[in-house]
């Protein structure tokens, strides 16, 4: 993890959590206060129904809130969708875009992810753009090409002028308990970094690249110490404040 880039530890609650889950935000706030000094930025992305209340509980800058998706349009006849402006109004500062579960389950293309990232930036949100290959694509030697195409096609051209986060999540490691080797993680993050530098120059050097995929307290330290890993996008382990804080502490 580069010393000059402050890490971001992000929790993606996915479709989990009702009002009772807000207690975990309160607990996380307590743990952070007890620790006094945290060497990372902390982000929690609960379901959209909880963003506003979670932001009120979090209070201040210790915990940022984010959405898990947004529509590319500011408003309109899009039943069931949520705009970046709505998320911002609810208290979100970030939004996850292009997660593999959206790409696979909802057929989202990189072009659509790019349009959503543009909408997020226009609303003042920081996009966390997810990329990653399937197990078959890795086994057949296409991992770099697949991830490279996703990075190239999902990021807006003007990303150099605004904060944007890339999250590398090998699809086969999400929620499976499997993780790539540290060498594999280092290689892919180096590949992504070079793509960002080639396209955005100095902004690409300072952009945060997160790793996601079965991150837990027991492996977080080793993953977060890997070159060009500037934080983590955490799934299941972020649902319980104590587990999530174990990962935060590793940073």
Mind counting the residues in region 119-141 that are more than 23 Å from residue 49 (Cα to Cα) and either assigned to a helix (DSSP H, G or I) or over 17 Å from the mean Cα position of the chain (by Cα) (or both)? 8
For residue 149, are the conditions met, namely being surrounded by fewer than 20 Cβ atoms within 10 Å (Cβ to Cβ), closer than 23 Å to residue 118 by Cα and at pLDDT below 95? no
Consider region 31-48. How many of its residues are free of Cβ contacts under 8 Å to residues at least 24 places away in the same chain and at negative phi? 2
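Pick out the one residue from 160, 186 that is out of contact with any helix residue (DSSP H, G or I) (no Cβ under 9 Å at 6 or more places or on another chain), outside any loop (DSSP other than H, G, I, E, B) and touching a residue at least 40 places away in the same chain (Cβ under 8 Å).
Numbers: 160 fails: out of contact with any helix residue (DSSP H, G or I) (no Cβ under 9 Å at 6 or more places or on another chain).
Of the residues listed, the single one that is out of contact with any helix residue (DSSP H, G or I) (no Cβ under 9 Å at 6 or more places or on another chain), outside any loop (DSSP other than H, G, I, E, B) and touching a residue at least 40 places away in the same chain (Cβ under 8 Å) is 186.
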Check region 196-212 and report whether any residue there is surrounded by 19 or more Cβ atoms within 10 Å (Cβ to Cβ) and over 18 Å from the mean Cα position of the chain (by Cα). yes
Within region 213-227, the residues that are part of a loop (DSSP other than H, G, I, E, B), in contact with a helix residue (DSSP H, G or I) (Cβ under 7 Å, 6 or more places away or on another chain) and either surrounded by fewer than 21 Cβ atoms within 10 Å (Cβ to Cβ) or free of Cβ contacts under 8 Å to residues at least 12 places away in the same chain (or both) are 216, 226, 227
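What do you reckon, is residue 100 more than 25 Å from residue 185 (Cβ to Cβ) and either touching a strand residue (DSSP E or B) at 6+ places or on another chain (Cβ under 7 Å) or surrounded by 16 or more Cβ atoms within 10 Å (Cβ to Cβ) (or both)? Reasoning before the result, please.
Numbers: more than 25 Å from residue 185 (Cβ to Cβ): no; either touching a strand residue (DSSP E or B) at 6+ places or on another chain (Cβ under 7 Å) or surrounded by 16 or more Cβ atoms within 10 Å (Cβ to Cβ) (or both): yes.
No, not satisfied.
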Counting only residues that are in a strand (DSSP E or B) and either under 17 Å from the mean Cα position of the chain (by Cα) or free of Cβ contacts under 8 Å to residues at least 24 places away in the same chain (or both), how many does region 72-86 have? 0
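Which of the residues belonging to region 44-71 are in a loop (DSSP other than H, G, I, E, B) and surrounded by fewer than 18 Cβ atoms within 10 Å (Cβ to Cβ)? Before you say what the answer is, go through the steps one by one.
Of all residues in region 44-71, those in a loop (DSSP other than H, G, I, E, B) come to 46-47, 59-63, 68-70.
Residues satisfying the conditions are 47, 59, 60, 61, 62.
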Those residues of region 228-251 which are in contact with a helix residue (DSSP H, G or I) (Cβ under 7 Å, 6 or more places away or on another chain), assigned to a loop (DSSP other than H, G, I, E, B) and closer than 21 Å to residue 189 by Cα, in sequence order: 228, 229, 251
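Give the residues of region 163-183 that are part of a helix (DSSP H, G or I) and surrounded by 16 or more Cβ atoms within 10 Å (Cβ to Cβ), sorted by residue number. Step through it out loud before you land on a result.
Kept after step one, since they are part of a helix (DSSP H, G or I), are these residues of region 163-183: 171-173, 182-183.
171, 172, 173 - these are the residues of region 163-183 that are part of a helix (DSSP H, G or I) and surrounded by 16 or more Cβ atoms within 10 Å (Cβ to Cβ).
The values are calculated or read from the model by the stated rules, or taken from the named source; none is laboratory data. Quantities reported herein were computed from a predicted structural model and do not represent experimental measurements. Cβ sites come from the backbone with ideal geometry, for glycine too, and all protein chains shown count toward neighbours.
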